[in-house]
Amino acid sequence: MESKKVLELFGIEKIYANGVAANKEINIAFEKNEIHAIVGENGAGKTTLMKMIFGLEEPTKGKILLNGEEISFKSPLDAAQMGIGMVHQHFMLVPSFTVLENILLGREPANAGILKLQKERENIEALCREYQFELNLDDRVENLNVGNKQKVEILKVLYQKADIIILDEPTAVLTPQETEKLFQQLILLKGMGKTIIFISHKLNEVKQISDRITVLRKGRVISTHITAEVEAEQISELMIGRRVTYSYEDLRQKTSGEAVLSVEHMTYRNKDGKEALKDIDFKVKAGEIVGVVGVEGNGQTELVDALFGYKRITSGSILLNGTDISKMNIKSRRRLGLSYIPEDRMVQGSAADGNIRENVISSFYSAPEISGRVFMKNQSVQKVTDELIERFDILCNGAESKISSLSGGNIQKVVFARESYMSGKLMIAEQPTRGVDVGSASLIHKALLKLRNEGTAILMFSADLSEAQAVCDKILVLYSGEIAAELYEPGRITEKEIGLYMLGLKHQDKKASGGNEDER
Amino acid sequence: MNNIISHIFNVEFIGVILRLSTPLLFAAMGNVVSDRAGVTNIGMEGSMTLAAFSGVAISAYSGSAWLGAAGAVAVSILFSCFLGYLNLYLKTNIIMAGIALNTFAASFTVFLLYMLTGQKANSAALASKQLPGIRIPVIDKIPVLNEILSGHNVLVYVSLLSIAAVYFLLNRTRLGMHIRAVGENETAASSVGIRTKRVKMAALGISGLISGLGGVYMSMGYLSMFSNGMIAGRGWIGIAASAMGRAKVIPTTISAFLFGIFDSVSNEMQLGNISAELIMTLPYFAVMAGMIIYSVKRTKKEQKNA
């Protein structure tokens with residue numbers, strides 16, 4: 001076969017100024033007439049890689065060949081001129097402009113500064129016919145649905161005469177029907193000689209649409225396969241790889257209590273009208289840690305927001321010890337015994353410029369033991385702070401230390417100390433060990449288990465499967481806004497099996513999981 | 001009281017409204033341009049004050065009203081672009097930069113006035129020029145209409161033309177399209193190669209040009225001298241009018257005229273026996289009331305849409 005390689009990457013390496021290596025040893029060749037999927041977990045380096053191809057970042061090392069010639073892009077405009085176009089996950093469209101205006105923006109035909117947009121109308125209409133886009137060029141983009149907005153983006157790229165089109169998680173915002181249409185369109189584009197780079201972590205989609213798959217893990221290319229020759233399971237194993245394992249079986253005391261949190265038929269529709277959570281049903285009992293896992297973007301964020309009170313659910317109910325909290329504000333929810341360890345400890349979890357004392361009381365500053373009618377009871381505040389610093393082994397120069405002077409693990413301990421101080425009924429812990437070292441992670445795991453043994457119900461969201469397996473009594477797998485599986489004794493289940501649920505390749509029957517519950 | 005009512009329901013009163021709405025219209029149109037690019041020209045009050053003073057000073061020394069007006073507009077453009085430079089390139093908070101520039105303009109004009117005339121209150125001692133009035137050929141012959149529409153200062157007509165000019169700029173020119181794109185989705189605009197800072201600077205410059213004409217009108221049309229504090233919040237009212245009109249040309253024009261009507265009514269009512277100071281607060285009160293009503297409406301609408 002003759003060489004139809006269009007874009008080749010050789011030994012690409014990207015190390016950011018802060019020393020983080022986002023990509024290493026990247027070697028990929030993209031061919032003409034192919035849909036090439038790039039898969040990998042969050043943080044595997046997909047986005048950085050695409051940014052380098054599209055000129056948003058410059059590689060630290062290595063070379064990029066376009067049609068056999070070495071190139072280097074200073075900006076996305078360079079890339080666009082060379083025929084590389086990108087359809088961003090967040091659309092780059094001006095809402096009040098028409099389809100026509102959006103496509104022409106930046107290269108609008110004009111005569112002495114006065115617009116002559118209609119000149120190009122026919123060309124764009126021809127383009128629409130050629131690639132079978134059914135769009136009315138005079139519709140305002142703000143009135144289009146998400147699928148059509150995406151078409152405008154693709155059309156924009158085609159109008160710029162791109163031969164290589166990068167699509168970043170294009171199906172994340174689409175309904176299944178829209179996804180189907182997009183795929184037909186992509187196959188059509190492929191047939192007309194375009195190269196399509198399809199970034200995704202939805203394996204079944206990748207399997208359906210792509211010709212070849214490249215797997216990234218920890219910034220490196222693990223392997224490239226011809227799609228027809230591999231099973232989705234193999235790919236998922238390659239994506240996940242091996243992880244650090246934890247074991248805490250000896251710390252787990254038998255405690256079985258009443259249901260503290262019962263979520264019943266909860267549905268949440270986001271502002272685009274998409275059901276981000278569909279008919280969610282589960283319970284968390286006192287003295288139980290329930291883990292929620294899933295590929296990012298499958299409803300975890302929405303679930304946290306709904307439970308904690310950032311967002312109002314569309315229907316269903318959230319019962320905390322029998323009280324429906326779904327319409328309460330965050331303060332009332334907290335008063336009923338809900339505590340929360342947010343995913344981003346610097347933004348939501350703590351005030352970086354505040355000191356430990358201020359941060360540690362910030363969720364219960366109005367509690368009678370530390371607050372009088374007007375003034376704070378400073379001695380009590382100090383006592384509580386010192387006690388927490390000691391109990392959680394927070395490395396610092398006393399209660400006055402600024403949060404920003406602490407290490408990530410210690411900041412997380414401050415957040416944890418605060419959230420566990422008011423003996424809560426239910427704790428929501430979102431990625432409690434993300435980005436902390438193994439030692440601190442282990443300490444936080446043990447603290448979680450201690451709370452559990454004392455009878456707190458804990459709902460833990462984790463992107464780290466081995467952590468979820470080691471710590472949790474039960475794991476819920478979210479896939480596209482639904483609970484795909486409810487798995488008991490997760491330590492006995494293989495990661496591979498959980499992965500199948502996470503990627504939507506397997507789905508538990510709702511009734512079957514209910515039956516499982518009864519057996520216990 | 002009857003006296004006042006007869007003053008208000010009078011053909012001449014429409015002419016008064018036109019004259020008093022002119023500076024507000026200039027300020028409002030100036031703000032439409034900058035607001036659409038996503039930067040509020042918060043230094044508008046200052047640029048109008050400087051323009052009012054510069055027009056008087058330059059015309060007095062050059063002997064030409066037109067030269068005075070041109071110089072004043074140039075000063076206003078530079079002043080607005082300086083705000084842009086502080087905000088866009090030096091990353092100053094635009095509100096802080098605006099406060100600094102506005103207070104600077106207010107006191108610096110008084111300083112220069114004192115240097116030139118030895119007076120702090122007004123420029124009566126300077127032989128400054130006034131821009132001419134215009135009689136419109138055909139309308140001048142029609143009985144009632146000639147009283148309303150004809151014989152105003154040239155800038156009154158320019159302010160009406162500026163409505164069409166701004167509309168044309170925003171909707172029919174490449175720069176206007178870029179201004180709107182930058183204001184609505186800056187990342188989208190820069191992703192197609194539009195230099196967003198330059199576009200914002202251009203918008204601020206145009207905003208300075210239009211609002212500068214408002215300043216010139218005050219000292220070389222409406223009155224024939226500069227006096228301390230003569231802009232009297234008209235720049236701010238222009239910002240409010242543009243906010244109420246969501247920076248759209250027609251609604252903003254309506255808002256500006258609305259404030260102009262209140263200004264005129266308060267002007268006429270000062271002849272009555274109600275305390276003049278109280279009456280003079282009317283236009284500002286109208287602005288506040290207008291902003292509140294508008295904000296409440298918009299919030300409700302947004303909640304409905306959400």
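Where a number appears in this text, it was derived from the coordinates with a stated rule and is not lab data. Predicted model, so just to flag it, every value in this text is computed and none were measured. Cβ sites come from the backbone with ideal geometry, for glycine too, and all protein chains shown count toward neighbours.
So for the stretch A:149-277, what are the equivalent ellipsoid semi-axes in whole Å, largest first, each being the square root of 5 times an eigenvalue of the Cα gyration tensor?
37, 24, 12
Enter the Cα centre distance for the pair the stretch A:426-477 and the stretch B:6-41, rounded to the nearest angstrom.
Centre-to-centre distance over Cα atoms comes out at 63 Å.
Is the stretch B:179-306 best put as rounded, prolate or oblate by its Cα gyration tensor, with a ≥ b ≥ c the root eigenvalues, rounded for a/c under 1.5, and otherwise prolate when a/b is larger than b/c, oblate when not?
Working: a/c = 3.59, a/b = 1.47, b/c = 2.44.
Verdict is oblate for the stretch B:179-306.
Can you give me the pair-distance distribution of the stretch A:5-240, C-alpha pairs, 5 Å bins, whole percents?
Pairs per bin, as whole percents: 1, 6, 14, 18, 19, 16, 12, 8, 4, 1, 0, 0.
What number, in percent, do you get for the relative contact order of the stretch A:264-359 if the mean sequence gap of Cα pairs under 8 Å and at least 6 apart is divided by its residue count?
Computed value for the stretch A:264-359: 23 percent relative contact order.
How much length, in nm to one decimal, is gained on full extension between A:Phe375 and A:Ser247, taken as 0.36 nm per residue of separation minus their Cα-Cα distance?
41.5 nm
Work out how far the C-alpha atoms of the stretch B:108-227 reach from end to end along every principal axis, then list the three figures in whole Å, largest first.
On the principal axes, the stretch B:108-227 reaches 55, 48, 15 Å in Cα extent.
Counting only C-alpha contacts under 8 Å and six or more residues apart, can you give the relative contact order of chain A as a whole percent?
Once divided by the residue count of chain A, the mean separation gives 14 percent.
Taking the Cβ-Cβ separation of B:Tyr89 and B:Ala125 as r and a Förster radius of 35 Å, what is the calculated FRET efficiency to the nearest 0.05?
Numbers: r = 40 Å, r/R0 = 1.14.
Efficiency, from the Cβ-Cβ distance: 0.30.
Give the share of C-alpha pairs in each 5 angstrom bin for the stretch B:22-231, from 0 to the last occupied bin, in whole percents, shortest bins first.
1, 8, 15, 18, 17, 14, 11, 8, 5, 3, 1, 0
So, R0 is 35 Å and r is the distance between the beta-carbons of B:Ala100 and B:Ala164; what FRET efficiency does that work out to, to 0.05? Present the calculation step by step, with values, prior to reporting the outcome.
On the way: r = 34 Å, r/R0 = 0.98.
It comes to 0.55.
How high is the relative contact order of chain B? Use alpha-carbon pairs under 8 Å, at least six apart in sequence, and give a whole percent.
Values: 527 pairs, mean separation 105.3, N = 306.
Worked out over chain B, it gives 34 percent.
For the stretch A:50-85 and the stretch B:129-202, write down the distance between their C-alpha centroids in whole Å.
The distance from the Cα centre of the stretch A:50-85 to that of the stretch B:129-202 comes to 43 Å.
How big is the gap, in Å, between the Cα center of the stretch B:240-277 and the Cα center of the stretch A:207-253?
Taking the Cα centre of the stretch A:207-253 as reference, the centre of the stretch B:240-277 is 67 Å away.
Between B:Met218, B:Met201, B:Met29, which gets the highest mean-square fluctuation from a Gaussian network model of chain B, Cα cutoff 10 Å?
B:Met201
Given a Förster distance of 30 angstrom, what is the FRET efficiency for B:Lys301 paired with A:Glu180, based on the Cβ-Cβ distance and rounded to 0.05?
0.30
Which shape class applies to the stretch A:90-154: rounded if a/c is under 1.5, otherwise prolate when a/b exceeds b/c and oblate if not, where a ≥ b ≥ c are the square roots of the Cα gyration tensor eigenvalues?
Oblate, since a/c reaches 1.5 and b/c is not below a/b.
In Å and whole numbers, how far do the C-alpha atoms of the stretch A:385-472 stretch along each principal axis, longest first?
Its Cα atoms span 36, 26, 16 Å along the three principal axes.
Decide, for the protein assembly as shown, between rounded, prolate and oblate: order the square roots of the alpha carbon gyration tensor eigenvalues as a ≥ b ≥ c, take rounded if a/c falls under 1.5, and otherwise choose prolate if a/b is larger than b/c, else oblate. Mind dumping the intermediate values first?
Numbers: a/c = 2.38, a/b = 1.60, b/c = 1.49.
Note, shape of the protein assembly as shown comes out prolate.
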